[in-house]
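Enquirer: The structure follows.
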Amino acid sequence: MLGIGVDFGGTGIKGAVVDLDAGELAASRHRIPTPDPSAPDAVAATITEVVAAAVGEVPCDGPVGIAVPGVVTAGVVRTAANIDDRWIGTDGRALLAASLRRDVVLLNDADAAGIAEMRFGAGAGRDGVVMLLTLGTGIGSALFVDGKLVPNTELGHLVMWGGSAEEQASAKARKDEGLDWEAWVETRVNPYLAYVEALFWPDLIVVSGGISKEPERFFPYLETRAEIVPAELKNNAGIVGAAAAAREAHG
Ligand code: BGC
């Protein structure tokens with residue numbers, strides 16, 4: 001079965017038709033830079049363009065799943081740490097359904113990536129407490145208990161170093177501050193993981209986000225009590241998970 005997934009990120013809006021049996025893209029990934037400012041109307045227009053390009057390549061009826069970098073409850077975006085503030089309180093599901101003329105499922109980006117990894121990747125078949133962390137522009141989290149998602153956990157906003165942990169420990173922070181991989185892991189990521197582990201005691205941690213494409217750069221320095229593994233769907237987890245969530249909700 002095919003589905004359509006879109007990942008609204010800090011720098012790019014990416015979408016594709018997804019093969020939901022195989023858990024991978026059915027054709028190419030279409031990407032347009034995220035509008036600046038990333039206000040709801042501009043982003044909706046860009047998402048509509050991305051979806052048109054994707055279904056122009058592989059025709060696909062049905063709903064669109066959209067992963068967004070903020071808390072989403074009942075289709076409404078509630079936070080906007082790394083996107084335009086006008087998203088807060090916006091009924092993104094209604095806005096995008098009108099623009100796409102399709103049913104839409106809106107969900108948090110880390111939750112979408114987590115759904116994909118639990119179904120098709122590093123978390124497949126894993127019970128207990130599984131936590132996915134995306135290290136990108138911010139830090140996103142997805143928490144699963146015996147395979148069931150606890151949505152919107154927002155563990156990137158645990159308070160550390162006097163602010164949101166993501167400000168110091170995200171992949172963006174590493175780049176902005178010119179830290180090498182070892183210094184970043186030892187002074188930022190390991191203390192962050194220790195705090196998360198002290199609070200949640202996960203059995204498995206899956207590290208997702210763009211940097212999971214090159215785990216050899218930083219995995220050797222990670223220190224955790226739990227087993228920790230790189231994501232398997234790499235950069236496409238958000239798209240695949242969003243498409244899966246939309247099919248599940250709308251058939
Ligand atoms: C947002 C989360 C999001 C994460 C990764 C954080 O700043 O609050 O909702 O999952 O960034 O994009």
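The values are calculated or read from the model by the stated rules, or taken from the named source; none is laboratory data. As the structure is a computational prediction, the values presented were derived from the model and not from experiment. Quick reminder, even Gly has a Cβ in these numbers, built from the backbone with ideal geometry, and neighbours come from all protein chains shown. Heavy atoms of the whole protein, side chains included, go into the accessibility calculation; ligands, DNA and RNA do not. Shrake-Rupley method; radii C 1.70, N 1.55, O 1.52, S 1.80 Å.
Enquirer: From the Cα trace of the stretch 125-231, what convex hull volume per residue do you get, rounded to a whole Å³? The partial results should precede the final answer.
Expert: Numbers: hull volume 9.9 nm³, N = 107.
Once divided by residue count, the hull of the stretch 125-231 is 92 Å³.
Enquirer: Out of all DSSP beta bridges in the stretch 125-231, what portion is antiparallel? Express it as a percent rounded to 5. Mind dumping the intermediate values first?
Expert: Numbers: 12 of 21 bridges.
Looking only at bridges with both residues in the stretch 125-231, the antiparallel portion is about 55 percent.
Enquirer: Mind checking the per residue accessible area of the chain for me, 1.4 Å probe, whole number of Å²?
Expert: Details: 10480 Å² over 251 residues.
Here the per-residue accessible area is 42 Å².
Enquirer: Moving to a separate point now. Where the accessible area of the stretch 125-231 is counted over protein heavy atoms with a 1.4 Å probe, how much of it, in %, is carbon and sulfur? Don't skip to the end; give the middle numbers.
Expert: On the way: 2510 of 4880 Å².
With neighbouring chains kept in place, the figure for the stretch 125-231 is 51 percent.
Enquirer: With charges only on Cβ, +1 for K and R and -1 for D and E, what is the dipole size of the stretch 125-231 about its Cα centre, in debye, rounded to 20? Mind dumping the intermediate values first?
Expert: Numbers: 9 positive and 16 negative charges, 44 e Å.
Charge dipole of the stretch 125-231: 220 debye, to the nearest 20.
Enquirer: Would you work out the charge dipole size for the stretch 40-102 about its Cα centre, treating the Cβ of every Lys and Arg as +1 and the Cβ of every Asp and Glu as -1, and quote it to the nearest 20 debye? Working shown, then result.
Expert: On the way: 5 positive and 7 negative charges, 40 e Å.
With only Lys, Arg, Asp and Glu charged at Cβ, the dipole is about 200 debye.
Enquirer: Right, something else. In percent, what relative contact order does the chain have, based on Cα pairs under 8 Å that are 6 or more apart in sequence?
Expert: 23 percent
Enquirer: Turning to a different aspect of this structure: Cα atoms only, the chain: Rg and Dmax in Å?
Expert: Rg then Dmax for the chain, in Å: 17.1, 49.
Enquirer: OK, next. Find which of 221, 71, 104 sits farthest along the positive direction of the dipole of the chain, computed with +1 on the beta-carbon of Lys and Arg, -1 on that of Asp and Glu, about the Cα centre.
Expert: Result: 104, furthest along the dipole toward the positive end.
Enquirer: Given H placed on each backbone N at 1.01 Å, which residues far from residue 27 in sequence or on other chains put an amide H within less than 5 Å of it?
Expert: 17
Enquirer: What are the ³J(HN,Hα) values, in whole Hz, obtained from phi via the Karplus relation 6.51 cos²θ - 1.76 cosθ + 1.60 with θ = phi - 60°, for each residue of the stretch 178-193 in sequence order, with x given for Gly and Pro?
Expert: x, 7, 7, 4, 5, 5, 4, 5, 6, 9, 10, 6, 4, x, 5, 5
Enquirer: Considering the options 48, 27, 37, tell which one lies farthest towards the positive end of the dipole of the stretch 1-48, charges being +1 on Lys and Arg and -1 on Asp and Glu at the Cβ, about the Cα centre.
Expert: About the Cα centre, the residue reaching furthest to the positive side is 37.
Enquirer: Relative contact order for the stretch 51-198: what percent, with Cα pairs under 8 Å and sequence separation of 6 or more?
Expert: Once divided by the residue count of the stretch 51-198, the mean separation gives 15 percent.
Enquirer: Now, a different point. Compute the separation of the alpha-carbon centres of the stretch 71-127 and the stretch 191-231 and state it in Å as a whole number.
Expert: 23 Å
Enquirer: In deg cm²/dmol and to the nearest 500, what is the mean residue ellipticity at 222 nm of the chain if only DSSP H runs of at least 4 residues count, each as -39500 (n - 2.57), divided by the residue total?
Expert: Numbers: 8 runs with 79 residues, N = 251.
Only helices count here, giving -9000 deg cm²/dmol.
Enquirer: In debye to the nearest 20, how big a dipole does the chain give about its Cα centre with +1 on each Lys and Arg Cβ and -1 on each Asp and Glu Cβ? If you can, show how the numbers build up before the last one.
Expert: On the way: 20 positive and 34 negative charges, 81 e Å.
Approximately 380 debye in magnitude.
Enquirer: Return the percentage of antiparallel bridges among DSSP beta bridges fully within the chain, rounded to the nearest 5 %. Kindly include the intermediate steps, with their values, before the conclusion.
Expert: On the way: 28 of 46 bridges.
Bridges in the chain are about 60 percent antiparallel.
Enquirer: Now for a separate question. With a cut-off of 8 Å between alpha carbons and a minimum separation of six or more residues, what is the relative contact order of the stretch 125-231 in percent? Before the final figure, lay out the partial values.
Expert: Values: 177 pairs, mean separation 30.6, N = 107.
Over the stretch 125-231, the number comes to 29 percent.
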